[in-house]
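Notes to accompany the following structure.
What follows draws every value from the coordinates through simple rules; no lab data is involved. None of these values were measured; they are calculated from a predicted model. Neighbour counts run over all protein chains shown; Cβ positions are idealised from the backbone, glycine included.
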Amino acid sequence: MIDKILTNSRVTEVDAATGRIVSAYKNTSLSSDTHLAAIFAELEPATERLTAAINQSRAESVLDEKDAVRDEKFRGLFYLVSGFVHHPDPAIKAAANEMEELLNDYGLSVVGESYAIESSLIQSLLTDLAKPKYQSSIEALSGCAELIAALQTAQADFEQARVAYEEEKAREGNRQNATEVKKEVLDITNDKLVVYLRAMIQLDDATFGDFGRTVGEIIAENNETVKRRRKKPEPEV
């Protein structure tokens, strides 16, 4: 008996399992069966959409992570300069006051702006910080140059991740999210493919048996992985 894929499988697990099933089908000589061919004509593109949706989700997650790092570096620079404003050395205090005046033109609220606005403001800040008039003040504040360099790196990393995310979106257009596509893939696999193979193995094991058992093994491996997690529920990824 071929089991159905457990519906609480993660989107990545469903994607991996149905991807293997599609590959296994392509290695058979069953394309002459019109009903099975029709099922895979639905399943293969649905699995491709699921893979694409997962990739976009990952690209968006990476973008969020890069933005968090950028925010951290910006705050770090802001707080470092604020601390030096109270330094007892007049020269250091003067340098800090000059730097604080510049940073206050931007404000900590920068990190709460949209990605596009924040990128524009941070790039503008980095351009200002590179001007000759601020170099002596930067040098006077221990750790300031290092934090500015770290902010530059974080900004560049974010922009690279943003380009990757936008390219992924452009390739896929208005795509369904992964959870929606997962349901579609499960419906095709469980309610069409598994049901059909169960019946055909009973009628013609010589033709459908090997492929049916391969599908059963793929699904069984997936379901075993899901069952092992039941004692410790985890969020779907």
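Tabulated data
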| quantity | calculated |
| --- | --- |
| Between helix 11-26 and the chain: long-axis angle, C-alpha atoms, 0 to 90°, nearest 10 | 40 degrees |
| Karplus 3J(HN,Hα) series, Hz, for segment 129-139 with 6.51 cos²θ - 1.76 cosθ + 1.60 (x for Gly, Pro) | 5, 7, 5, x, 4, 9, 5, 5, 5, 4, 5 |
| Packing-based exposure ordering (other Cβ within 10 Å, fewest first) of 70, 228 | 228, 70 |
| Projected label distance in nm at residue 29 and residue 152, using a 7 Å step from Cα toward the beta-carbon | 6.6 nm |
| Helix 34-84 axis, angle to the chain major axis (alpha carbon atoms, nearest 10°) | 20 degrees |
| Spacing of the two label points (7 Å from each Cα toward its C-beta) at residue 86 and residue 226, in nm | 5.7 nm |
| Rounded if a/c under 1.5, otherwise prolate or oblate - segment 61-172, Cα gyration tensor axes | prolate |
| Projected label distance in nm at residue 199 and residue 128, using a 7 Å step from Cα toward the beta-carbon | 7.1 nm |
| Filter on 183/227; 66/133; 4/227; 73/169 - keep pairs with C-alpha separation over 24 Å | 66/133; 73/169 |
| Order of 98, 224 under a 10 Å beta carbon neighbour criterion, fewest first | 224, 98 |
| Angle in degrees between helix 144-172 and the longest Cα principal axis of the chain, rounded to the nearest 10 | 30 degrees |
